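Below is one structure, written out as structure tokens, with a few remarks after it.
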Amino acid sequence: MTDAPETRDALSALDRPNSYIGKTMPRPNLDRLMQGRGLYVSDIELPRMGHVVFLRSPHAHAKITGINALAARQLPGVIAVVTGQELATVITPWVGVLSHLKGLKSAPQSAIAIDRACWQGEAVAAIVATSRAAAEDAAEQVSVGYDELDAVTDMRTALDPTTSVIHASLGDNLAFERHHDAGAVEDAFAASDEVVDVEFIFGRHTGVTLEPRSVVADWNAAEARLTIYQGTQAPHMVQNIAALHLGLQEAQVRVVCKDVGGSFGIKVHIYADEMATYALSKLLRRPIKFVADRVESFNTDIHARDHRCRGRIGVKRNGTIMAFEIDDLTGIGPYSMYPRTSAIEANQVVNLVGGPYVTRNYRARARVVFQNKNVMCQYRAVGHPIACSVTEGLVDLAAMKIGMDPVEIRRRNLIADDAYPCASPSGLRFEQLSHHAALAKLIRMMDYDVLRAEQAALRARNIHRGIGIASFIEVTNPSAAFYGVGGAKISSQDGVTVRLDAQGAVICQTSITEQGQGSESLTAQIVGSVLGVSMDRVRVILGDTDNTPYGGGTWASRGAGIGGEAALQATKVLRRNILDVAAAILQMTPGELDIVNNNVVNAGDGTSRIELGELARIVYFRPDTLPPGIQPELMATRHFVPRAYPFAFTNGVQASWLEVDTETGFVKLLKHWVVEDCGTIINPQLVDEQIRGGVVQGLGAALFEKCVYDERGQLTNASMADYLVPMSGEMPDIDIGHVVSPTLESELGAKGAGEAGTAGAAAAVTNAVNDALRPFGTIVTEIPLTPQIILTALGRI
Amino acid sequence: MTPVAISLDVNGERVEAHVLPRLNLADFLREHLKLTGTHVGCEHGICGACTVRVNGEIVRSCLILAIQTQDASVETIEGLSDSGEIADLQRAFRDRNALQCGFCTPGMLMAAQDLLKQSSEPDREQIREHLSGNYCRCTGYQAIVDAIETTAWSRAGRTP
């Protein structure tokens, strides 16, 4: 562990002259995006393409008594109106369960609802026309008969015997339940000097990717092959699922992923309307395009969070944390999502609570219930914001109770930086974390004591500012333990192929995907550094199941750690192969040569011996001049998956400095700090921008974002005018620092940084608000922290 | 509905077309002229992804109809890129990684250039205020503010 980015001794392949590792390099694909010359799915047009619009249930729960599409079918431009029953002839239903989530149950879900709609927004018919406008016109002419059914909307009463059961075949509305009991929790609470017991409430919110979900599906009946253009994070997963449910071999399905307008987990799932689009293409034997509009996005993009978590902490007067206990309840909509399931978030909450701290006494229950609301599933930092807000909220409230500074209680309880490897109270294994180094750095960055003095001075003037601290751990680089062991065909390994082309440039195909994180850039940086070529010679191809190795894609902060390591290892092989050929040409041994700056050079004195373009020319066009017995292989493939640990863990700490207007209840964010340890940093700028973007998504959840449902299951704010997202005016500048503890699982040592910002932002803000409200003797434990919640806490309304 | 003839300048080229009165400018640019750099994010005037210039003023192209641009001069991200008008701003965005997925970026650049034309040295708060109608889910805005601030300084002949 070091305080600043450094290259480890072990990283010999990376620690080379002109290495790009650890350097800020502009991403190669930016000009295309800045000039409006990207290719997003909504930009794609194919010959004979039809546009599908889905007619969606206006009711949260209703029996479909009939669909009359006669009038719609007569309208100009209408190609077809397809019901769920009709589509079921080409696509089979699915059940979103995984075997390692024991007891998880769900009901069969169809691409288009058959007989019954289970949430407001579920598709009940597809209208395909020559333009989206024509399809929308026709949709207005389709009449659907509904008998409304009782809607289960309140997760707190979903399990009551008097509440109707959404899927009778399941027996009740309980999707999943997990219990965990470690250490001696009762004894620990009994031995505590103080116990804090509060309920934390997390609003249901969603991803609001600026580009809505979009698909173009192109079934070519002559080739018996389906090409799916989709902005997905996991192309091979889409290939597997589409083939499985359309009765095809995976070889008959190609998934192409060009530019993606934001995903954050929203686009790592497979939605019913996307399945329906694939099926419509097969049924109608032509390309079909689906682009969700914004209202559909709010009603059908997965929602996340929506937890009510009762938390307890026991603490000694000397600050020793004795135990944590949680009872978490979450509502996931009527179906567990497919194929990743909707039990993962609650499972993560159980896994992560108490994670940064020494205490081994931890008891947890998590229950996941069905409701007649939109489906819920994994969104950026799955479970982390809940676990972090509960843990850090409890730690701050405990500190408040015993009159201890929030930094001091953390210093006394965070796992020591030299205590690794060790395990969390929930049994997660940590290789190497750096909570204390991170906290110390944060305190320096924010000038904690000065800020405290400023806070005290302002309080005297009736200005109420608060400081909130939140330590966190982050799951990255998941192995097969995440999905594969549960039976999902979601690869945990990734592959990279690198080859030298005939002019000495490098073509690299990787199974990770790009949605703006910089996957393309970090891959090029690794390949260029390891091989000894300049980055402008490296072209990276991603997002195409026909043209990349098989792999998982980009999610769960796995791109750099897993895909990056595969790139490193593949490039090492290519480098060896190039040096073997060069040695044969130059009548030397490979060990006497190196590749630097696009040239094979003498390892000893750096003298250029042969340019890579010249070497490639000889290999590809004049192999007759090579010594006998030499068969050059200027292409290499390697795959990588972590094996020693089921997950890499990163850690960090965030701080928020804000002002609460106690008259209006408004919160003004003044500054935010993050110190993060993501292991080896490949491109500092990309890491920092991942963290900043993640923080702002967390700040949105903390202050603004909530899908507001009424008691009948109607989403009442499904527009960007009503659902508030963070805009530039409300967001603070965010300072970022690093501690670097590379993982030893890989030569690269990178862990991942995609979730860190989102993991701890809301916890830091809530703690800061409570710090600001301290003189008023009140606390808040519900997000988003709207003026209403703050004024209610203050007793003003 | 009967198509209506319209005639306008788009990125300096004369365009004649027949469009339905209900067609909005964003869809006209994207679907009729294939200028797909103008993005559609919300279709109700909040997100700013579809921002273009009409007669020099930035507008939400999802909120005006194509027929309202009769005789107008419309400029899109493709036009501003090809003319070189915002080359320095684009360079600053690239150097600062002020875009991730890039979907908001054409609209963001339009709004930023509008500010830089009105105000030679906007401070960070003014920049944030001027961008307050452009949603970005990826960056958290800071890098965008930095890039615009840098461009403003360099256009004013100052160094930070």
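Every number here is computed from the coordinates shown, using simple stated rules; none is lab data. This is a predicted model, so every value here is computed, not measured. Ideal geometry is used to build each Cβ from the backbone, glycine not excepted, and the neighbour counts take in all protein chains shown.
Treat the protein assembly as shown as a sphere of radius equal to its Kirkwood radius over Cα pairs and apply Stokes-Einstein at 20 °C in a medium of 1.002 mPa s; give the translational diffusion coefficient in µm²/s, rounded to a whole number.
D, rounded to a whole number, is 74 µm²/s.
Considering the Cα trace of the range A:628-776, what is its radius of gyration and what is Dmax, both in angstroms?
Expressed in Å, the Cα Rg and Dmax of the range A:628-776 come to 21.4, 86.
Over the range B:86-155, what is the mean sequence separation of C-alpha contacts under 8 Å (at least six apart), divided by residue count, expressed as relative contact order in percent?
This gives 48 percent for the range B:86-155.
Apply the a/c threshold of 1.5 to the C-alpha gyration tensor of the range B:41-106 and tell me whether it is rounded, prolate or oblate.
oblate
Considering the Cα positions of the range A:543-597, please state its Rg to one decimal place and its Dmax as a whole number of Å.
15.8, 48
Averaged across B:34-42, how many Cβ atoms of other chains sit within 10 Å of each residue's Cβ atom?
Counting other chains' Cβ atoms within 10 Å and averaging over B:34-42 gives 6.
Could you sort out which of A:401/A:671; A:267/A:289; A:258/B:34; A:267/B:34 sit more than 20 Å apart by Cα distance in this structure?
From A:401/A:671; A:267/A:289; A:258/B:34; A:267/B:34, over 20 Å: A:401/A:671; A:267/B:34.
State whether the range A:452-538 is rounded, prolate or oblate according to the following rule on the C-alpha gyration tensor (a ≥ b ≥ c being the square roots of its eigenvalues): a/c under 1.5 gives rounded; otherwise a/b larger than b/c gives prolate, and the remaining case gives oblate.
oblate
Measuring from label point to label point, each 7 Å out along Cα→Cβ, what is the residue A:418 to residue A:631 span in nm?
Once both label points are built, they end up 5.5 nm from each other.
Take the residue pairs A:23/A:706; A:373/A:668; A:63/A:105 and return only those whose Cα atoms are more than 27 Å apart.
Long pairs (Cα-Cα over 27 Å): A:23/A:706; A:373/A:668.
Taking every pair of Cα atoms in the range B:86-155, average 1/r, invert it to obtain the Kirkwood radius, and report Rg/Rh to two decimals.
Checking Rg against Rh, the ratio lands at 0.90.
For chain B, what does -39500 (n - 2.57) per DSSP helix run (n ≥ 4), summed and divided by total residues, give at 222 nm, in deg cm²/dmol to the nearest 500?
-9500 deg cm²/dmol
Largest first, please: the extent of the C-alpha atoms of the range B:4-80 along each principal axis, to the nearest Å.
29, 26, 21
Rounded to the nearest 0.05, what FRET efficiency do residue A:143 and residue A:89 give with R0 = 35 Å and r taken as the Cβ-Cβ distance? Could you check?
Once the sixth-power term is evaluated, E becomes 0.95.
If you place +1 on the Cβ of every Lys and Arg, -1 on the Cβ of every Asp and Glu, and leave all else neutral, what size is the dipole of the range B:86-155 about its Cα centre, to the nearest 20 Debye?
The dipole of the range B:86-155 has a size of about 240 debye.
Just to check I understand the Karplus step: with θ = phi - 60° and J = 6.51 cos²θ - 1.76 cosθ + 1.60, what whole-Hz values come out for the range A:39-44, glycine and proline as x?
10, 8, 4, 5, 8, 7
Report, in debye and to the nearest 20, how large the dipole of the protein assembly as shown comes out about its Cα centre when Lys and Arg carry +1 and Asp and Glu carry -1 on their Cβ.
For the protein assembly as shown, the charge dipole is close to 1040 debye.
Loop-only chymotrypsin sites (Phe, Trp or Tyr not before Pro) in the range B:7-110, please: DSSP not H, G, I, E or B, and at most 11 other Cβ atoms within 10 Å.
Filter output for the range B:7-110: empty list.
Taking amide H atoms as placed 1.01 Å from N in the peptide plane, list the residues 5 or more away in sequence, or in a different chain, whose amide H sits under 5 Å from that of residue A:611.
Sorted by chain and number, the residues that satisfy this are A:600.
Looking at the range A:81-167, which trypsin sites (Lys or Arg not before Pro) are in a loop (DSSP not H, G, I, E or B) and have at most 11 other Cβ atoms within 10 Å?
Counting only loop positions with at most 11 other Cβ atoms within 10 Å, the trypsin sites (Lys or Arg not before Pro) in the range A:81-167 are A:102.
Hey, could you grab the Kirkwood Rh for the range A:99-180? Inverse mean 1/r over distinct alpha carbon pairs, Å, one decimal.
15.8 Å
Counting other Cβ atoms within 10 Å, keep those with at most 15, restrict to DSSP loop, and tell me which GluC sites (Glu not before Pro) in the range A:30-138 are left.
A:45
Determine by what factor the alpha-carbon radius of gyration of the range A:7-150 differs from 2.2 N^0.38 Å, reporting the quotient.
Here the answer is 1.66, to two decimals.
Relative to the compact globular guide of 2.2 N^0.38 Å, what is the alpha carbon radius of gyration of chain B, as a ratio?
After normalising by residue count via 2.2 N^0.38 Å, the value is 1.05.
Which whole-Hz ³J(HN,Hα) couplings does the range A:516-531 yield from phi under the Karplus relation 6.51 cos²θ - 1.76 cosθ + 1.60, θ = phi - 60°, glycine and proline marked x?
Values per residue, Gly and Pro as x: x, 5, x, 4, 5, 5, 5, 5, 5, 5, 5, 4, x, 5, 5, 7 Hz.
Find the relative contact order for chain A and round it to a whole percent, using C-alpha pairs within less than 8 Å whose residues are 6+ positions apart.
Across chain A, relative contact order equals 17 percent.
I need the phi-derived Karplus couplings for the range A:96-109: 6.51 cos²θ - 1.76 cosθ + 1.60, θ = phi - 60°, integer Hz, Gly and Pro marked x.
Working through the residues one at a time gives x, 10, 9, 6, 7, 8, 4, x, 4, 10, 7, 9, x, 10 Hz.
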